[in-house]
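Have a look at the structure below, then the notes.
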Amino acid sequence: MMDWDVMLTPYRQAVEELKIKLKGIRDQYQLTSRHTPIEFVTGRVKPVSSILEKAKRKNIPLNRLETDMQDLAGVRVMCQFVGDIDTVAELIKARTDFTVEEERDYIKHKKRSGYRSYHMILKYPVQTIDGEKQILVELQIRTLAMNFWATIEHSLQYKYSGMIPDEIEKRLEKAAEAAFQLDEEMSKIRGEVQEAQQIMLRKQEDARRK
Ligand code: 0O2
């Protein structure tokens, strides 16, 4: 019998530590009044029911989960602009507290579903009472528009058990295209948006000082 709690504890720790570190990057940018490439960060350990379902679907034996299921621990970074995704990826690669094992660019090569996101598989060392343990973590970096689409599509996949009706699938394709256009347009007015955000930030700072 698998003791899930014991097995998943270091994964929980890795997710919590990475969330803190990524939020730390965001806070540092905010303190220097520079545009932060990180809007917000979320993370989760895959629920046991999803682990079992994916293991069955992908024919992964339970004794190989830790190596073959790379998203047991998942951390997600949301960005305002597509250009921010590269900045975050570079920040991640420059770090010395973990390594990048693999990168999958579903932005240059979007999935057939319309899914776009930048994935990195990290090898993250967790300190346990039995010594250091290397944990694989899937880091997904995406814009707010990519996240909106993926969240909606994910719930529809769940609702229809992966068999979304054709008509809804077509609408999702259109929505994916609209999300792509939104990202393009926002990138074009990026300078304007950032200037406005800086002005608002300075105003808030002034009000705090008074
Ligand atoms: P969760 O926890 O429900 O999000 P596969 O799972 O077969 O697609 P693989 O090799 O496991 O592929 O890795 P991949 O594609 O790099 O990353 C899988 C994760 O990316 C998924 O996790 C989703 O979070 C996200 N993802 C990939 N494709 C899609 C998609 O078409 N739509 C949406 N909404 N998300 C996608 P899981 O396993 O679904 O788990």
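No lab work stands behind these numbers, since they all come straight from the coordinates. A quick note: this is a predicted structure, and the numbers were derived from the prediction, not measured. Cβ sites come from the backbone with ideal geometry, for glycine too, and all protein chains shown count toward neighbours.
Compared with the direct C-alpha span, the chain from Asp206 to Lys110 gains 30.2 nm at full extension, assuming 0.36 nm per residue. Each DSSP beta bridge with both residues in region 4-209 is either parallel or antiparallel, and the antiparallel ones are about 75%.
Highest mobility in the GNM of the chain, judged by mean-square fluctuation with C-alpha springs under 10 Å and restricted to Met163, Met186, Met78, is found for Met163. Springs between Cα atoms under 10 Å define the GNM used for the chain, and in it the highest mean-square fluctuation of Pro37, Pro165, Pro47 occurs at Pro165. When Phe81, Phe148 are sorted by how many other C-beta atoms sit within 10 angstrom of their C-beta, beginning with the fewest, the order is Phe148, Phe81. Listed by chain and number, the aspartates and glutamates whose alpha-carbon sits under 18 Å from that of Lys93, ignoring those within fewer than 8 places in the same chain, are Glu17, Asp84, Glu101, Glu102, Glu103, Asp105, Glu138.
Note on Thr9 and Thr32: the model spin-label points, each 7 Å out from Cα along the C-beta direction, lie 3.9 nm apart. Computed over the chain with a Gaussian network model linking Cα atoms closer than 10 Å, the most mobile of Gln194, Gln80, Gln13 is Gln194.
Cross-link pairs exceeding 25 Å in C-alpha to C-alpha distance, out of Lys123/Lys188; Lys108/Lys159; Lys19/Lys203; Lys21/Lys46; Lys46/Lys133; Lys108/Lys174, comprise Lys123/Lys188; Lys108/Lys159; Lys19/Lys203. Placing +1 on the Cβ of every Lys and Arg and -1 on the Cβ of every Asp and Glu, with nothing else charged, gives the chain a dipole about its Cα centre of roughly 320 debye.
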